Amino acid sequence: MKKKKIIIFIVLITLAAFGVYAAGNQESSSVDENNQASDDYYPLNFKYSNGEFTVKEKPKRVIVFNYEYAEMLAALGVEDTVIAVRSGNYAADAVLPEYREGVEKIPQPPEVMPAGGFPSLENIISLQPDLFILPSYYFNVESMGKPEDYKAMDINLYMTEGTTGKDITIEKTYQDILNLGKIFNKTKEATAIVDGMKARIAKIKEKNNSKKNVSILVFDSIIKGEVATAGGSGLENDMINIAGGNNLYSDIDKQFLRTSIEDFISSDPDIIIVHAYGKVDNYGEDKLNQLKTAPEYANLTAVKNNKIYIVPLISIFPSIQNIDFIETLSNAIAEF
């Protein structure tokens, strides 16, 4: 497929990760078979690919940036430790129903949600957190300071594995869940979540054991007359592969990119994936209607065959909902 006018699509929220995981290390700790901490579980000397720190006791004042990680903590049963959450690019209604009630109770104070911008290092420190969980790309924002600034203030900083580096896979999502389980002494719960995701993926791979070469194209948005889509380096491309699909831009070594509308049309995918941002795009329905009604898209195979699928944005970034994205796409591919 000929590609023209392909431009790197660099957006703050789409920087993602490659980091070789170094297993968390607890030097003087023990956990019994029921996952109950003995007296010496803490302090925990925690090491991972993005750094290391000492957890003196179970975190009690946690700040979380982005709902996907608040959702992880709710799944581990420790959302009550979170004193502030920054919503990121979606509202709490993006969280899975079984965890939504707990997540919705978490405050969003102005220190993390200032009007019209990003928080500052001083704002965050003022809340006196003992643990700060966030995607690494926030440190591209000057006001946030640098990781060493938080260390100097004795704030443990967990930068997520799934947002560091380049070639991210579903394994990084697993690792973040397991890492958070270790920090909060919820190893049993974290392992159960990961094992459940892996079991669902095993079923998907068994169902799609014959390669059908179904072509997939991501429709994120139109930016300055070009289509924002997913390239071949990143979590979404990995999940498309797991589902059994063929990302038409997998040969572009970028997580996200922009391509001309003409190139988008000429690629003529079997399936189009639409990213839903929430209220801002009417939960993907506005984009869906655009594809179905705009004359330039009328002859696309996916449009004519009604093979357009809306997926929530939270499911394409490292989250528990990654498995839901994979299942949705796998079921669509199975119809071919």
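Show me the strands (runs of 3 or more DSSP E) found entirely inside region 190-240 where at least 3 residues are within 16 Å of the chain's Cα centre (by Cα). Show your work before the answer.
Numbers: elements: 214-219, 221-223, 226-230.
Counting at least 3 such residues, we get no strands (runs of 3 or more DSSP E) at all.
Taking the condition of being surrounded by fewer than 19 Cβ atoms within 10 Å (Cβ to Cβ) and either under 23 Å from residue 172 (Cβ atoms) or not assigned by TED's automatic domain parsing to the domain that holds residue 177 (or both), how many residues in region 99-121 meet it?
Total satisfying the criteria: 0.
For the subset of region 250-260 comprising residues that are more than 20 Å from the chain's Cα centre (by Cα) and part of a loop (DSSP other than H, G, I, E, B), which member is surrounded by the most Cβ atoms within 10 Å (Cβ to Cβ)?
252
For region 152-165, give me the residue count where each residue is over 15 Å from residue 63 (Cα atoms) and either touching a strand residue (DSSP E or B) at 6+ places or on another chain (Cβ under 8 Å) or outside any helix (DSSP H, G or I) (or both). If you could, list the steps in order and put the result at the bottom.
So in region 152-165, the residues over 15 Å from residue 63 (Cα atoms) come out as 152, 161-165.
With the extra rule that they be either touching a strand residue (DSSP E or B) at 6+ places or on another chain (Cβ under 8 Å) or outside any helix (DSSP H, G or I) (or both), the set shrinks to 161, 164-165.
Going through region 152-165 one residue at a time, the tally reaches 3.
Is there a residue being touching a Phe, Trp or Tyr at 6+ places or on another chain (Cβ under 7 Å), over 28 Å from residue 237 (Cβ atoms), at pLDDT below 95 and not in a loop (DSSP other than H, G, I, E, B) anywhere in region 15-34?
yes
For region 261-292, what are the residues that are within 17 Å of residue 87 (Cα to Cα) and either without any contact (Cβ under 8 Å) to a residue 40 or more places away in the chain or in a helix (DSSP H, G or I) (or both)? Give the steps one after another, and end with the answer.
Initially, region 261-292 is screened for residues within 17 Å of residue 87 (Cα to Cα), giving 276-281, 283.
Within region 261-292, 276, 279, 280, 281, 283 qualify.
Being buried (at least 16 other Cβ atoms within 10 Å of the Cβ) and among the aliphatic types (A, V, I, L, M) is the filter here; which residues of region 122-153 pass it?
Correct list: 124, 125, 127, 131, 133, 134, 144.
Residues in region 269-284: is at least one surrounded by 15 or more Cβ atoms within 10 Å (Cβ to Cβ) and among the basic types (Lys, Arg)? Spell out how you get there, then give the answer.
Kept after step one, since they are surrounded by 15 or more Cβ atoms within 10 Å (Cβ to Cβ), are these residues of region 269-284: 269-278, 281, 283-284.
Within this subset, residues satisfying the condition of being among the basic types (Lys, Arg) are none.
No, region 269-284 has no match at all.
Condition first: within 24 Å of residue 61 (Cβ to Cβ), modelled with pLDDT of 95 or more and not in a loop (DSSP other than H, G, I, E, B). Now tell me which residues in region 88-100 satisfy that. First the steps, then the outcome.
First, the residues of region 88-100 that are within 24 Å of residue 61 (Cβ to Cβ): 88, 91-92, 95, 99-100.
Next, only the ones that are modelled with pLDDT of 95 or more stay: 95, 99-100.
If the condition is that a residue be within 24 Å of residue 61 (Cβ to Cβ), modelled with pLDDT of 95 or more and not in a loop (DSSP other than H, G, I, E, B), then 99, 100 are the ones that fit.
The values are calculated or read from the model by the stated rules, or taken from the named source; none is laboratory data. In this text the structure is predicted, and so the values were computed from the model without any measurement. Quick reminder, even Gly has a Cβ in these numbers, built from the backbone with ideal geometry, and neighbours come from all protein chains shown.
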